Amino acid sequence: MNGTNHPARLWLATLLFVVLAEPAFAHTGTGAAFGFLSGFLHPVTGPDHLVAMVAVGLWGAQLGAPAIWILPITFPLVMALGGVLGVSGFDLPFAEGVVGFSGVALGLVVALRARPPLWIAAVLVGIFAIFHGYAHGKELPDAADPIGYGVGFVTATGLLHLCGILIGTLIRWPSGDRLVRACGAAIGFVGAFFLLSTLGAIS
């Protein structure tokens, strides 16, 4: 039970920090405030990003401790590195395709309730995180402050992971387990749609 509550407390503390720090962002100028808001909204309003991040929380809940907190912490940390690559102009090929594929893969492992060794799960999540972060960084608005934007999308990512974890706690009941696995299947379909769209198979 303590392992399950740990990530929730961590991300709630992060949210509290951001709320308290927001006036400081505002005092640094409109660029920082706009950057934070843009970064926060990007993963929330992008279905391809949203479903993958919720899936990380779902899968962590299925795997239990310590994965329930290692996976949701690994993703935003590695994603921040990917964001730096995007902002710096580094050319990372197949980024949009991998972002779409991440929804397929993460949805599938949740639907099948796959239980690989923790290091494999962390590596898989980390690889996808690089591409998601890169996509965020490449789409940084010209008027946005990069640091504010980064804080915004990392915070939103953590909250989406938390949503996945909270939904994932339903696995303690048979009907809840089926619901979580159905969510995984739905995430896989969404990911497949965006992957096919990226490949030009769907106009």
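The values are calculated or read from the model by the stated rules, or taken from the named source; none is laboratory data. Quick caveat, the model's predicted, so the values are computed rather than measured. Here the Cβ is made from the backbone with ideal geometry for all residues, glycine too, and neighbour counts use every protein chain on show. Calculation scope for accessible area: heavy atoms of the full protein, side chains included, ligands and nucleic acids excluded. Shrake-Rupley method; radii C 1.70, N 1.55, O 1.52, S 1.80 Å.
Let me know the charge dipole size of the range 80-201 about its Cα centre in debye, to the nearest 20, where only the beta-carbon of Lys, Arg (+1) and Asp, Glu (-1) is charged.
The calculated dipole for the range 80-201 is roughly 700 debye.
Remark on the range 80-160: Rg and Dmax equal 13.8, 43 Å (Cα only).
Packing order of peptides 71-78, 88-95, 194-201, 116-123, highest average first: 71-78, 194-201, 116-123, 88-95 (average count of other Cβ atoms within 10 Å over each peptide's residues). Accessible surface for the range 69-203, divided over its residues, is 48 Å² per residue with a 1.4 Å probe.
Within the accessible area of the range 82-203, the carbon and sulfur atoms contribute 74%, probe 1.4 Å, all protein chains present.
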